[in-house]
Amino acid sequence: VWCFLGDGETDEPETLGAISLAGRSGLDNLIWVVNCNLQRLDGPVRGNGKIIQELEGVFRGAGWNVIKVIWGSKWDELLQRDVDGVLVNKMNSTVDGEYQRYATESGAYIREHFFGPDPRLRKLVEHLSDDELRDLPRGGHDYQKLYAAFKAATEVTGQPTVILAKTIKGWTLGRGFEGRNATHQIKKMTKDQLLELRARLHLEDEIPEESLEDGIPPYYRPDPDSTELRYMLERRKALDGPLPHRVVRDRRPIARPAADPFIELAKGSSGRAVSTTMAFTALLRDLMRDRDMGARVVPIVPDEARTFGMDSLFREFRIYAPFGQLYEPVDHELLLSYTESADGQILEEGITEAGATASWIAAATSYANTGVPMVPFYTFYSMFGFQRVGDLLWAAADARARGFLMGATAGRTTLLGEGLQHQDGHSHVLASTVPACEAYDPAFAYELAAIVRHGLARMYPERAADGDDVYYYITIYNENYEQPPRPDHVTDDDIVGGLYRWDAGPEGGSRRATIVFSGPAHAAAREAQALLAEHHDVAVDLWSATSYKRLRADALAAERHNRLHPDGERRVPLVTSRLGAGEGPVVAVTDWMTAVPDQVTRWVPRPYHVLGTDGFGRSDTREALRRFFEVDAGHLVVAVLDALAREGKASPGEVADAIARHGIDPDSPDPAHPDAGAHD
């Protein structure tokens, strides 16, 4: 596995943050090549220091083998004659900013400023002309030394290797480019610069000067029988053709589960109070136990398995450790013992969401990179997903990753007591920006089962090339409540489509309305349904919205079709058709920001109102949090009555009475304000 990068890129924490993992794991099939041209886009990487020596220390300390290719072969004779080490000392004491300057200056300048201050150095190069001094090469431009470095790297065992190759930015492009701070921004070359480049590449015979007269450089193609062209064609043939393209091979196709692991979740919890996170762990265990698919399942956690109840998997499936478990864990006598093994299946990555996401991407792209599809389930605090590693998750979509992201401990008010740094009310907003992300927020275990089953069928068909290049983001919660069985009238298509009627309102009722819930907001919706029927004679239908992102995508696709097919049959968005048949206003309630249900506002054919959790999270009980964010049953009753009042079907007095009955303070701080309640 080769990785090519620049020295400036090593300032990114993601570049060096996990290199110790490769050292600890002894990954001797990993080779990095760092192009050390000493420059970033704007200026030197370490103008006042030495980036190569800095990187050498970092990599050696992380257990890597380091190969430096600093000076070209023409320096060898000078170094052999440097018996007192004065040349090596000068090299080591010259900062990178000076080396960049030398790349742009004449041989006379180099003689005066690099060799000149010390008479021993000046004498060392007195036999060389100024042009020869300027042509002394960097090691990264010496093909023989590079070949030797690459060959040595492939022969190392027991540790990864990094090659630090010193180069000049813009090499061969001429003095107007080489080593200049503006090199990255130069878009065109003058005729004189093109002539200089032609001379540097020894192409005078192939490219006549008159071909440059119009200012448009000719396209140079080597002779068909030349060694260069034959080599390039051979390499392209070995890489499956003249143009880069994605090849998906089924070296080891994935099988469907031998048994149906989803049946139990569809039955409900039979009176037991369980969370959707607990339901997911049970489903994950059943998938891992499956004789056909189980070995392909990759559970990934960033040091939070016990929080999610996944420690029950430790002893049965074991945690992967490349050299096994070299100690007896302190909890070895317990059923939930921390059990490591060289053939462990669980990736326990430690406190590194970026590292865990990288492992997930590797497994999620294995169907294409290795022809061996894997099914990764990365489970994490939902707050630390898209917000913390959004760039990686965007890259995952670009890489056509397939797999499951499980945003656990989700919800602004459901994760009680952990404050604004942990309580997530907006990851679904961030997920909505990724075209390849299918985002779901199930309320019940049977919904979770249907979504995972659909994801497996969609991403992992019999032929990998036939699968959809999407990944699933599913939020799960730590609130325990009885999981209902799947209603008889509800299908998988209803659930994965994003919206379905969960419960019809009671018969009768002088007025009607609809409440749409998602996730744990179902509890407030169900309580409000009963309160509205008992105290206000309002019959409320309850609908479950499993994915506002899916509903929005469907509506946008319908709009586009209708716009481009004015004479064809008009398509109706699913959210429009399903909510269009009801009566009265629609109130959506969610544990997410109002922006999540607002994604479908313009396609709801009835008055539409949203209650959500805009604002910072806070440390308190669920009951207090839901009252503060105005998403509890009392606020939901008031919202429905207010919506009816706007239609002339309820009086302001009835709304005021409901506010008083439910103990709501109309002058309480707005939870969406950043300072809400800060000075109470």
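Computed from the coordinates by the stated procedures, all read-outs in this text should not be read as laboratory data. Here the structure is a predicted model, which means the values were calculated and not measured. Methodologically, a virtual Cβ is constructed for each residue, glycine included, from the backbone with ideal geometry; neighbour enumeration extends over all protein chains shown.
Which value, in debye to the nearest 20, gives the size of the charge dipole of the chain about its Cα centre, when Lys and Arg are +1 and Asp and Glu are -1 at the Cβ? All intermediate terms of the calculation are to be shown ahead of the outcome.
On the way: 75 positive and 102 negative charges, 229 e Å.
Once rounded to the nearest 20, the dipole reads 1100 debye.
Looking at region 530-621, the trypsin sites (Lys or Arg not before Pro) that sit in a DSSP loop and have at most 14 other Cβ atoms within 10 Å of their own Cβ are ARG570.
For region 277-324, which trypsin sites (Lys or Arg not before Pro) are both in a DSSP coil and crowded by at most 13 other Cβ atoms within 10 Å? Don't skip to the end; give the middle numbers.
Working: sites: ARG285, ARG289, ARG291, ARG296, ARG306, ARG315, ARG318; in loops: ARG291, ARG306, ARG318.
Passing both the DSSP loop test and the Cβ count: ARG291, ARG306.
For region 482-493, backbone phi angles converted through the Karplus equation (6.51, -1.76, 1.60; θ = phi - 60°) give residue-by-residue couplings of 5, 8, x, x, 5, x, 4, 7, 9, 10, 4, 4 Hz, Gly and Pro being listed as x. Cα-based radius of gyration for region 498-661, normalised by 2.2 N^0.38 Å, reads 1.08.
Please work out the C-alpha center-to-center distance from region 238-264 to region 595-668 and express it in whole Å. With region 238-264 and region 595-668 each reduced to a Cα centre, they are spaced 47 Å.
Quick one: compute the contact order of region 385-537, relative version, from alpha carbon pairs under 8 angstrom and 6+ residues apart, as a percent. Don't jump to the answer; show the numbers that get you there.
Working: 168 pairs, mean separation 43.0, N = 153.
In percent, rounded to a whole number, it is 28.
With R₀ set to 60 Å, the beta-carbon distance separating ASN92 from ARG256 gives a calculated FRET efficiency near 0.45. Here's how it looks for TYR500: its modeled amide H is under 5 Å from those of SER544, THR546, which are all 5 or more places away or on a different chain. Of all DSSP beta bridges located in the chain, what percent are antiparallel, nearest 5? Percent antiparallel among DSSP bridges in the chain is about 15.
For the chain, the relative contact order comes to 10 percent (Cα pairs under 8 Å, sequence separation of at least 6).
Nearest 5 percent is fine: what portion of the DSSP beta bridges confined to region 2-187 is antiparallel? Counting only bridges with both partners in region 2-187, antiparallel ones make up about 10 percent. Taking amide H positions as modeled 1.01 Å from N, with prolines and chain starts lacking one, the residues under 5 Å from HIS609 and 5 or more places away or on another chain are VAL586, VAL587, ALA588.
Across all directions, the average projected area of the convex hull around the alpha carbons of the chain is 42.2 nm².
Can you sort TRP71, TRP603 so the residue with the fewest Cβ neighbours within 10 Å comes first? Provide the component values of the computation, followed by the final result.
On the way: TRP71 19, TRP603 22.
Lowest count first: TRP71, TRP603.
Applied to region 496-508, the Karplus parametrisation 6.51 cos²θ - 1.76 cosθ + 1.60 on θ = phi - 60° returns per-residue 3J(HN,Hα) values of 6, x, x, 7, 7, 6, 8, 8, 6, x, x, 5, x Hz, with x for Gly and Pro. Each of PHE384, SER269, PRO329 was placed along the dipole of region 263-481 (beta-carbon charges, centred on the mean Cα), and the one lying farthest toward the positive end is SER269.
Percent relative contact order of region 498-661, based on C-alpha pairs within less than 8 angstrom and at least six residues apart?
Working: 283 pairs, mean separation 37.9, N = 164.
After rounding, I find 23 percent.
The Cα center of region 492-506 and the Cα center of region 100-114 differ in position by 75 Å.
Explain nothing, just the number: dipole magnitude of region 498-661 about its Cα centre with +1 on each Lys and Arg Cβ and -1 on each Asp and Glu Cβ, in debye rounded to the nearest 20. Numbers along the way, then the final one.
Working: 21 positive and 22 negative charges, 127 e Å.
For this selection, approximately 600 debye.
Packing-based ranking of 635-641, 491-497, 41-47 yields 635-641, 491-497, 41-47, ordered from highest to lowest mean Cβ neighbour count within 10 Å. Only the Cβ atoms of Lys and Arg (+1) and of Asp and Glu (-1) were treated as charged; on that basis the dipole of region 2-187 about its Cα centre amounts to roughly 60 debye.
Placing unit charges on each Cβ (+1 for Lys and Arg, -1 for Asp and Glu) gives region 531-658 a dipole about its Cα centre, and among ALA539, ALA658, TRP603 the Cα reaching farthest toward its positive end belongs to TRP603.
Positive end of the dipole of the chain (Cβ unit charges, origin at the Cα centre): among LEU16, PHE616, VAL586, the Cα lying farthest that way belongs to LEU16.
Residue ranges 84-91, 400-407 sort as 400-407, 84-91 when ordered by packing (mean number of other C-beta atoms within 10 Å per residue, highest first). Only helices enter this figure: runs of n ≥ 4 DSSP H residues, each worth -39500 (n - 2.57), summed and divided by the residues of the chain, yield -10000 deg cm²/dmol at 222 nm to the nearest 500. Taking the C-alpha atoms only, the angle from helix 633-646 to the longest principal axis of the chain is near 80 degrees. In this model, which of LYS68/LYS123; LYS90/LYS151; LYS50/LYS145; LYS166/LYS191; LYS187/LYS549; LYS90/LYS145 are farther than 32 Å apart at the alpha-carbon? Flagged as over cut-off: LYS187/LYS549.
What do you get for the angle between helix 522-536 and the principal long axis of the chain? Use alpha-carbon atoms, 0 to 90 degrees, nearest ten. Here the helix axis deviates by roughly 30 degrees.
Relative protection proxy for 250-259, 435-444, 390-399, 364-373, from highest mean packing down: 435-444, 364-373, 390-399, 250-259 (other beta-carbon atoms within 10 angstrom). An oblate overall shape is assigned to region 238-360, the ratio a/c of its alpha-carbon gyration tensor axes (a ≥ b ≥ c) being 1.5 or greater and a/b not exceeding b/c.
With Cα atoms defining each centre, region 187-234 and region 282-322 are spaced 58 Å apart in the structure. For helix 386-398, what angle does its Cα long axis make with the longest principal axis of the chain, in degrees from 0 to 90 and rounded to 10? Once rounded, one gets 70 degrees.
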